[in-house]
Amino acid sequence: MRKRVSLQSLLLWRLGWGLTLLWLLMVGLAASLVYQQFNQMYDSALQETGERLLPLAIQEIFNRDQQVNGQSLPALNEHDEYLTYRVINPDGETLLASHTAQVDRFPVQPRLGFSQQAGYRIYTAAAVSDHYFIQIAEPLSQRREFLVRFLLVLLAPLGLLLPLSLGSSFLAVRQALKPVKNFLGQVESLSPGQLTPLQTQELPAEIQPLGQGFNHLLARLDRALQAERRFTGNAAHELRTPLATALAQLQLLQQQLQQPDQQEASRKVETSLKRLSQLTDKLFQLALAEGGGLLVEDAYDLLPWLRWLVNELPEQDQQRLDWQYPEQPVMTLMDPDALALVVGNLLENAFKYSPADQRIQLQLDQQGWLKVINAGPPVDQAELERLHQPFVRCRVEVQGAGLGLALVSALLEGLGEKLILRSPASGRYEGFEASCKLKVDKYAGSSD
Amino acid sequence: MRILLVEDNQELAEVVASHLEHQGQAVDLAADLHTADLCLSATAYELLLLDLRLPDGSGLDWLEKMRARGQDLAVIILTASGRVTERIAGLQAGADDYLVKPFDLQELDARIQAVCRRASGAASSQLRLDDLAIDLSARRVTREGEEIKLTSREWALLDVFLRHPGQLLTRSQLEDSLYAFGAEIESNTLEVYISRLRKKLGKSWLETCRGLGYRMKKACASE
């Protein structure tokens, strides 16, 4: 998977690199321009010096008592000689030279104007109808040294300014992205059941449409879920009422039937009607479970609800139930109807598949783990997997639509949890265990 | 017992009413909350069977207002919603019990009896009245193990007395409990039923207060 890039670090990297490169480019350009100007200035000075020296040198040669080639002029005072020169004839013979001038620095044959040789910049000028030439040399290292110093002067403040500008960029980017981060924080902290609009006023103008679009999406989702719930509720009402009428009419009719075959037939119709009613009920529960809206915004203690659900069981079922629950409240965010669907269906399943003389265990712990255990022959693993799907039943001889566990599974999936089925039950050689983690609000009720 | 059934589905209302009348109860039908209000202002009911989704409003809100007015008759909600929250909301609004549609008529009978027993303050459904053993749940009267057969109307009359032990009940109170609106009542019908009951159960349990009405001696819960 491609690694997600942070907008903040991306901006910082790009700004940082851009700023540094731009700075370096400007320094390079400035150095290049300055070096060019500096070279021209040095060349001009070299030329001026050469042209001033040549008449003096020729005068010196003319004033000699005797013709001595290669005469080296002594220094008046001890000093470093940056500029060296020599005067040569057209054949390249040295007639006169400065005291540290080395012959190999200069071109053998005179070439008028500027040239470079052995790390020296050389200027050659001619006089007396090209009978005398002066070659004046200046070491290029001096110019390079100047360039290096110049670069150092330019780059030294950069070492301080660059981190400063990067730091201020970092602060500016972080400040600019703060509203975006706040918005993302709101998105991340949205609970699965929360569809209330988010705060978008602080968002920058460029991102504001995104925030508003997100809020519109939430509102549409909320409307769609409410419409679905309304439809489910209305459909349940519309179907249950005629079913109730049919069942009541049939039972009224049964009171008047005398013939055993007629009574038998009417009982079969009654059973079918009740089965139809249960199936309709389960289908609506399934639609509800898959439709969302499974969480509430304020946590509440689920224990009173659980007690109420247990008390709603038929008397004979209550007698067969062993249940354990913690003493402290278990704060949950699950919608009470969703909680009732989970508990009701798990218990219904357990009572249906357990032998009539065996007890059922209902356990809830402080962390919200709910376990329902019933006796019965073990179910193999492949079968357990299939029980998460609708219309799958463990044993066909047991009446039912095979929707209960699928319904619980779908509901828990909507909450980001899972229904865990085990057979044999934990620590037993037989039996069936269904367990799941109810959505507990770990922050609620944790204070003393 | 006089029952008000508030249900907008006419077919369901009629079949439930027919069943209850067959049991000897007097049932008035109201298809909406406005009619229900009129019925409640016209006569006293022992029980209200209330659907929650009615054409002119929510049965739940109406029930809350009714309780706020101080009307304390027993109420059973007949709801088509399977939601636990709606059932609990019904109980919190002042209902004594609820029944989810579709329901068994037998279960309806059992709930009606349980609710009315609680409302009358009776702790048990097994009562003793002199040498009579009365099982309210099974609607059975026995004397020394021998069952005494009662018609539904006779049982309904006995049931009214059993729910008001030791109280003087006027003729009109008894007629209101036994007959719905529009039922034709012969002038001496009540006396005929009381005479039949006395013949079957004996005379000592019911006292006639001339010009005023009838009073039943208190029954006690059987052990």
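One residue alone among A:Val180, A:Val187 is more than 14 Å from every other protein chain (Cβ to nearest Cβ), open to solvent by 40 Å² or more (accessible area, probe 1.4 Å), part of a helix (DSSP H, G or I) and modelled with pLDDT of 85 or more, and that residue is A:Val187. In the set (1) part of a loop (DSSP other than H, G, I, E, B); (2) open to solvent by 60 Å² or more (accessible area, probe 1.4 Å); (3) touching a residue at least 12 places away in the same chain (Cβ under 8 Å), A:Pro204 fails one condition alone, (2).
If the condition is being in contact with a helix residue (DSSP H, G or I) (Cβ under 7 Å, 6 or more places away or on another chain), part of a loop (DSSP other than H, G, I, E, B) and either surrounded by fewer than 13 Cβ atoms within 10 Å (Cβ to Cβ) or of a type outside the set (A, V, I, L, M, F, W, C) (or both), then segment B:146-201 contributes only B:Ile185.
Reported count of residues in segment B:85-100, each being more than 10 Å from chain A (Cβ to nearest Cβ), within 20 Å of A:Ala244 (Cα to Cα) and open to solvent by 40 Å² or more (accessible area, probe 1.4 Å), is 0.
Of everything listed in (1) within 14 Å of chain B (Cβ to nearest Cβ); (2) modelled with pLDDT of 85 or more, the single unmet condition for A:Arg230 is (2).
Listed by first and then second residue, the pairs linking a residue in segment B:11-29 that is within 26 Å of B:Ala138 (Cβ to Cβ) to a residue that is of a type in the set (Val, Ile, Thr) and in a loop (DSSP other than H, G, I, E, B), with Cβ atoms under 8 Å apart and 6 or more places separating them unless they lie on different chains, are B:Gly24/B:Thr151. Go through segment B:102-119 and give me each residue that's in contact (Cβ under 8 Å) with a residue 24 or more places away in the chain and within 8 Å of chain A (Cβ to nearest Cβ). Those that are in contact (Cβ under 8 Å) with a residue 24 or more places away in the chain and within 8 Å of chain A (Cβ to nearest Cβ): B:Phe103, B:Leu105. Note on segment B:1-24: residues that are more than 14 Å from chain A (Cβ to nearest Cβ) and not in a strand (DSSP E or B) total 1. The set of residues in segment A:296-327 being in a strand (DSSP E or B), acidic (Asp, Glu) and farther than 15 Å from A:Phe351 by Cα consists of A:Glu297, A:Asp298, A:Asp301.
Just one of (1) touching a helix residue (DSSP H, G or I) at 6+ places or on another chain (Cβ under 8 Å); (2) farther than 30 Å from B:Glu86 by Cβ; (3) within 14 Å of chain B (Cβ to nearest Cβ) trips up A:Phe214, so point out which. Answer for A:Phe214: the failing condition is (3).
Any residue at all in segment A:318-341 that is open to solvent by 40 Å² or more (accessible area, probe 1.4 Å) and within 10 Å of chain B (Cβ to nearest Cβ)? Among the residues of segment A:318-341, not one is open to solvent by 40 Å² or more (accessible area, probe 1.4 Å) and within 10 Å of chain B (Cβ to nearest Cβ), which makes the answer no.
Listed here are the residues, each with its yes/no results for (1) without any contact (Cβ under 8 Å) to a residue 12 or more places away in the chain; (2) within 14 Å of another protein chain (Cβ to nearest Cβ); (3) open to solvent by 50 Å² or more (accessible area, probe 1.4 Å).
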residue	(1), (2), (3)
A:Leu210	yes, no, yes
A:Leu218	no, no, no
A:Asn234	yes, yes, yes
A:Leu239	no, yes, yes
A:Pro242	yes, yes, yes
A:Thr245	yes, yes, no
A:Glu270	no, yes, no
A:Leu294	no, yes, no
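Beta carbons closer than 9 Å, at least 6 apart along the sequence or on distinct chains, pair a first residue in segment A:64-91 that is over 25 Å from A:Val128 (Cα atoms) with a second that is modelled with pLDDT under 70 for A:Glu81/A:Ala75. One residue is enough: does segment A:394-416 have a residue meeting the conditions of a type in the set (D, E, K, R), more than 24 Å from A:Pro314 (Cα to Cα) and either in contact (Cβ under 8 Å) with a residue 24 or more places away in the chain or not in a helix (DSSP H, G or I) (or both)? No, segment A:394-416 has no match at all.
The values are calculated or read from the model by the stated rules, or taken from the named source; none is laboratory data. It should be emphasised that the depicted structure is a prediction, and the values quoted were computed from it without experimental measurement. Because the Cβ atoms are built from the backbone with ideal geometry, glycine has one as well, and the counts that use them run over all protein chains shown. For the accessible areas, the whole protein counts, side chains as well, though only heavy atoms, and no ligand, DNA or RNA atoms are used. Shrake-Rupley method; radii C 1.70, N 1.55, O 1.52, S 1.80 Å.
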